[in-house]
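The values are calculated or read from the model by the stated rules, or taken from the named source; none is laboratory data. If you're wondering where the values come from, they're calculated on a predicted model, not measured in any experiment. Cβ atoms come from the backbone with ideal geometry, glycine included; neighbour counts cover every protein chain shown. What goes into the accessible areas is simple: the full protein's heavy atoms, side chains included, and nothing from ligands, DNA or RNA. Shrake-Rupley method; radii C 1.70, N 1.55, O 1.52, S 1.80 Å.
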Amino acid sequence: MFRRSYIMRRMFMLVFIALASAAILAGIAFGIAGRQISFNYQVEESYSQALKVSEVLSGNNNLSLINVYNYVLYPSSLDSRSYIIVDSDGNLVLPGNFNNENDENKNRCLNFIKNKLNDEESWESSMAFSDSTSSFNKILMIKIPFQKDGTQYYAIQYSVVNENNDLINEYLNILFLSTMASALAMMVPTVISVDVITEPLQDVNNVAREYGRGNLNVRADENSIGEAGELAASFNTMADKLSKSINDLTNERNKLENIFNVISEGIIVFDENESITFVNELMKSFFSKVPSKNTFVERLQIIPFEEFWNDLTICINEHESKKSTIENVNFAYEYDIVPRFDADDKELCIGAIGFFRDITEEHKLDMTRRDYVANISHELRTPLQTLRGLIEPLADGMVRKDEDRMRYYDIILNETLRLSRLIDDMLELSKLQSGTITMQMYPFDMNKIVDSIYARFTPIMRESGIYFTINNNTGMLPTVNGNPDRVNQILVILLDNAKKYTPNGGSITLSTEYDENTGKIYISVADTGQGIHEYDIAHIFERFFKADRARGKKGTGLGLAIAKELLNYMGEEISVRSEYGKGTTFTFTLTKAEAVSKWV
């Protein structure tokens, strides 16, 4: 208890010191007063005895001088009180040895007696001789005059008055012992009283510790009487207000976090040391499109752009907002960095806030828009220029031969059909992407479609010097569900695309395979053409995208986009595998029909 309670230790020490101080002060006062009383008592006793001796000497004039000493003075001597007889000149008469006093003290006393003997003072007047070097503490001398045989003599009573009385010392010892006993006796009520006082304070202290640990649900006991109860009530009031404030702040913070989490921007907060203090949910997967690099640099694992960290340092050090855009083939991000300032000191920068926006789709849309304008302009301009170059000489009458005019007409017809196909493809892709196209789904025989495609493309491939084969890897295919016209269109798009990029002497293979576990039919068109660069693979199904444009291959760049949209509409998938310089394989799926209701 003493070890735990600081107040208990202090209170007990205070009580002990108070009692000890009182005992010391009482002992000092008692010692001073006791010594004075003892001294006065001894002086009174000496005068009283001297008075009696004087009366005896006055009534016994017949005694000789020696008998006066032997029968009157000597019997009156005590341990601390003795008598001597001196003549009128102060010379020692009796006893000769002066009670065995040493010569120094005897001579000092006799000299004092000689000097004071003729003073006109009655015997009641005391003549005290005190000397710090004497063996006596204090010597009291009283002269008693008497006459023998007509000669004047003096009986000198001298007594040692000892202020350090043994009785006083005994009383002082008793006082100190009683004080110690009182201190020990006071320990129990002191401990009980202090424990009663400190227990509510300890309770408040424990409650304060719980508040420090974040537990604001505990409350102090307000039933204690006096200041302890008031302190407990104040603590409880403080806890209620603090709890309410924390709840309000938590609610506000949750609202802000919810707002930060639902907005489309990534938000990250930094302190003055560029350490992250807050990240909203979007930021946790914000840079998933960015390939990992410099994995040993921790900050680049969080935000993988060195440009951002350089701008962050400038923002915090120079109190300057920064804005930038980072673009790549696969992603595009825009960020703003705003410095944070202390609420009390607007010049003190305490960190920064970074706002990130994923503008990849906007970037792609903008690129698609630019490509769309460029491609459509190119695709329209080429046939229009051709038409203009043919129509102008016809209109001017510069073409006179019938065979030349017929050749011009054929070219004009082909370019017109080309323009018509381009417009039709654009309209069809637009309908597919907007979901306004109507497509009937029903079971049909995929084997007939494959046979028809083979019969149609074999002469075309042979004419181009391309070896065209069909591989039915799992034999006859089961009935599939879909739209046969659209499936036929998809195969035509894939085979035309393969023929376009396969050189003379190459090969194109149409393969089919049925997987019983998944119920899927896989149809592949593989060529041995130039292949597709790995950075073009991700864009191969986009509108107007043409791989290896430098080779100037003809086409609108809409075929593969239409094929993908058609398969999406039917709930199927298409994928591509390619190795540049070795060829490309397109594979799409069809689903086996659950029941055959119609054959095509």
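Numbers at a glance
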{"item": "With all protein chains modelled, accessible area of S234 [1.4 Å, Å²]", "result": "70"}
{"item": "Exposure of M398 as accessible area (Å², to 10), given a probe of 1.4 Å and all protein chains", "result": "140"}
{"item": "FRET efficiency estimate (nearest 0.05) - Cβ-Cβ, K289 to I411, R0 45 angstrom", "result": "0.45"}
{"item": "Candidate residues T512, T386: accessible-area rank, largest first, probe 1.4 Å", "result": "T386, T512"}
{"item": "Heavy atoms of V329: accessible area, 1.4 Å probe, square angstrom to 10", "result": "80"}
{"item": "Ranked order, V480, V188 - accessible area, probe 1.4 Å, largest first", "result": "V188, V480"}
{"item": "Per-residue HN-Hα couplings for the stretch 272-281 [Karplus 6.51, -1.76, 1.60; θ = phi - 60°; Hz; x = Gly/Pro]", "result": "5, 9, 6, 8, 7, 10, 7, 9, 7, 4"}
{"item": "Under 5 Å, built H, 5+ apart or other chain: amide partners of V93", "result": "I85, V86, D87"}
{"item": "Spin-label pair E45/S64, simplified geometry with 7 Å Cα→Cβ offset, distance in nm", "result": "3.4"}
{"item": "Inter-site label distance for N205 and T237 at 7 Å from Cα along Cβ, in nm", "result": "2.4"}
{"item": "Residues whose placed amide H lies under 5 Å from that of I359, excluding near-sequence neighbours", "result": "A332, Y333, E334"}
{"item": "FRET efficiency, R456 to E534 (Cβ-Cβ, R0 45 Å, nearest 0.05)", "result": "0.85"}
{"item": "Placed amide H near I144: partners under 5 Å, 5+ positions off or other chain", "result": "A155, I156, Q157"}
{"item": "Violating pairs (Cα-Cα greater than 28 angstrom) within the set K52/K148; K401/K499; K289/K323; K520/K564", "result": "K401/K499"}
